[in-house]
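The values are calculated or read from the model by the stated rules, or taken from the named source; none is laboratory data. Computed from a predicted model, the values in this text were never measured in an experiment. With ideal geometry, Cβ positions are generated from the backbone for all residues, glycine too; neighbour counts draw on all protein chains shown.
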């Protein structure tokens, strides 16, 4: 049952408003002056507050200022029998939710309360979401409370302290790198480097040089000696992203490096001892690639001591409100903008989108929305700028 506080020096107004609202199944408390009203509002939690403007000792504007300066987020509806546009504007500017003139109109009061309660619910939901986000940001870079994400966190907690090699599978944009980084951050190697290689972004003729390094003069552009990622990641973590795009030649040399903990730079003859913890990731069906002769089965088994399957965003849609609120806070800060919010129906609309680009696409959409929309992003905004299922 929602609780409403009435602050008014007119006994007839207090009694009438109290009776009407109690008839509508609200729990109501009424006090006769501003000082008592401030004390009551601070001592007990209310969902909506009605406050008269003209009162002795402490008037309504002073009550409003006092409560807002104290950080109270409860919607405060100002009422007055001496209302004018200037007073209404001033009260709204000072933080009032709405302004209603006497004599009070029952329908207007009930509609205003309904809207104010919806705002209160949204504020509370946003607080809860932000608490979850802050808690997760403190302990983990992975945002979400869905069952698949909870299972991934549990797996990371078990696996991270070991040096076991991990294969992370999942679609593009689903956050495989975040899992790899969390494995590193919770490992005994966290003080060492986290070195990432995107195997799909490096031309096949350069991948071996990138992984194992090269000696000066090994090829035309090798003007000086260069250490490879395996060397740089020694005592840390080497993240081989998009491992399914690695050439057959590079696969063979990676297999040798994993078997012997040794590499040879391109153009070199000397074996170099290396000791990285290797985490690999792919968006491809590696077992099918093995059957088709496109990926070495022995390398797969070397890399996949532990397999972590990262779900698509569509398979963890309950996490979308958390992710959307996480991104809107982060991106507003990055763009130097005042914090914007999502309405409840906007969050629901985001959950109805077919996220083919997963979390990366969601982040981009949130960035688009904060740039193009108003302070509160609505379902209509989402439907305008996002293609739904």
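When residue 322 is tested against (1) over 18 Å from residue 146 (Cα atoms); (2) buried (at least 21 other Cβ atoms within 10 Å of the Cβ); (3) in contact (Cβ under 8 Å) with a residue 40 or more places away in the chain, exactly one condition is not met: (1). Does residue 240 qualify as being in the same structural domain as residue 162 (by TED's automatic domain parsing) and crowded, with 20+ Cβ neighbours inside 10 Å? The answer is yes for residue 240.
Screening residue 311 on (1) at pLDDT 95 or above; (2) under 21 Å from residue 144 (Cβ atoms); (3) in contact with a strand residue (DSSP E or B) (Cβ under 9 Å, 6 or more places away or on another chain) shows it passes everything except condition (3). Of everything in segment 235-261, what is under 21 Å from residue 160 (Cα atoms), in contact with a strand residue (DSSP E or B) (Cβ under 8 Å, 6 or more places away or on another chain) and touching a residue at least 24 places away in the same chain (Cβ under 8 Å)? Give them in sequence order. Matches in segment 235-261: 236, 237, 238, 239, 240, 241, 242, 243, 258.
Residues in segment 207-225 that are surrounded by 14 or more Cβ atoms within 10 Å (Cβ to Cβ) and either out of contact with any strand residue (DSSP E or B) (no Cβ under 9 Å at 6 or more places or on another chain) or part of a loop (DSSP other than H, G, I, E, B) (or both): 215, 218, 222, 225. When segment 189-200 is filtered for residues that are touching a strand residue (DSSP E or B) at 6+ places or on another chain (Cβ under 9 Å) and either buried (at least 19 other Cβ atoms within 10 Å of the Cβ) or not in a strand (DSSP E or B) (or both), the ones remaining, listed by number, are 189, 190, 192, 193, 194, 195, 197, 199, 200.
Filter segment 157-184 for residues that are part of a helix (DSSP H, G or I) and in contact (Cβ under 8 Å) with a residue 40 or more places away in the chain and give the result. Result: 159, 176, 177, 179, 180, 181, 182, 183, 184.
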